[in-house]
1. Lys and Arg at +1, Asp and Glu at -1: add these up for the other residues within a Cβ distance under 15 Å of residue 49 and post the number.
2. Residue 35's amide H: which non-local residues (gap 5+, or another chain) put their own amide H closer than 5 Å, with H modeled 1.01 Å from N in plane and none for Pro or chain starts?
3. Sorting 53, 23, 48 on the 10 Å Cβ count, fewest up front, what's the list?
4. Short version: ³J(HN,Hα) in whole Hz for each residue of the stretch 15-22, in order, from phi by Karplus 6.51 cos²θ - 1.76 cosθ + 1.60 (θ = phi - 60°), x for Gly and Pro, what are they?
5. Of 37, 46, how do they rank once you tally other Cβ atoms within 10 Å and put the fewest first?
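Each value in this text was obtained by applying a stated rule to the coordinates, not by laboratory testing. Only a predicted model underlies this, so the values are computations on that prediction, with no experimental measurement involved. Because the Cβ atoms are built from the backbone with ideal geometry, glycine has one as well, and the counts that use them run over all protein chains shown.
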Amino acid sequence: MKRRSFEKLKFDHLGIDEMSFKKGHKYITVLSNSRFRCVLEVEEDRNKKSCKKTLNKSFTIEKNKMSIQ
């Protein structure tokens, strides 16, 4: 994910979802771009705090310099 270029992505089709993995009900929050079929950010847990953290990591000042529609 660190090598991904955000310059070509348009943030017009975002999705946020929770996924479980492994046994024992461990969850992650996933922010994705459904138009380009790629994962933008992943955060542990599936609560409000992890959702906010995922969005804040994705929309920093540096990344907002690109065209967000």
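1. 0
2. Close amide H contacts, sequence-distant or interchain: 13.
3. 23, 48, 53
4. x, 10, 8, 10, 9, 9, 8, 6
5. Fewest to most other Cβ atoms nearby, the residues stand as 37, 46.
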